[in-house]
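K.L.:
Questions regarding the structure given below will be posed in turn.
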Amino acid sequence: QLQLVESGGGLVQPGGSLRLSCAASGFTLDNYAIDWFRQAPGKEREGVSCSSGGGADYKYSVKGRFTVSRDNAKNTVYLQMNSLKPEDTAVYYCAAAATGSGYVCFAPISYDYWGQGTQVTVSS
């Protein structure tokens, strides 16, 4: 059974940092693109980062602050979030799409597998 499990969310003050983890089981991340999405109350789900073996792309508002990385040995993808702002508050999800599936970065419909989400709250 293919499964993604996020962790690492929490409450942080503006300017602080968090690292989210997305652990995969039932499949190997090597052959999948991983997108991090987020959804704030009353807003649509939006893509934050999109990564595959060839590199990563980021939503404009998080460029320079967020960094995605992979640990293939642990079959885990990380999202390091620095200089957090109140507008980064949302539930964060990781999602996976096979690299040969014709996925489109930042398009939720492209992704077949989703984690349950982890809450990130940025507040003083």
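K.L.:
Using only the alpha carbons, work out the radius of gyration and Dmax of the chain in angstrom.
P.N.:
Values for the chain (Cα only, Rg and Dmax): 13.4, 43 Å.
K.L.:
PHE27 to ALA98: extension gain in nm, 0.36 nm per residue of separation minus the Cα-Cα distance?
P.N.:
Separation in residues times 0.36 nm, less the Cα-Cα distance, equals 24.5 nm.
K.L.:
Return the single residue from TYR58, TYR92, TYR113 with maximal mean-square fluctuation; model: Gaussian network over the chain, springs between Cα atoms under 10 Å.
P.N.:
Top of the fluctuation ranking is TYR113.
K.L.:
Take GLN39 and GLN3, extend 7 Å from each Cα along the Cα→Cβ direction, and tell me the distance between the two endpoints in nm.
P.N.:
Result: 2.1 nm between the two label points.
K.L.:
May I ask for the percentage of alpha-carbon pairs in the range 1-67 that lie more than 19 Å from each other?
P.N.:
43 percent
Any read-out appearing in this document is the output of simple, stated calculations on the displayed coordinates, not a laboratory observation. Owing to the predicted nature of the structure, the values given are computational and were not obtained by experimental measurement. We place every Cβ from the backbone using ideal geometry, glycine too, and count neighbours over all the protein chains shown.
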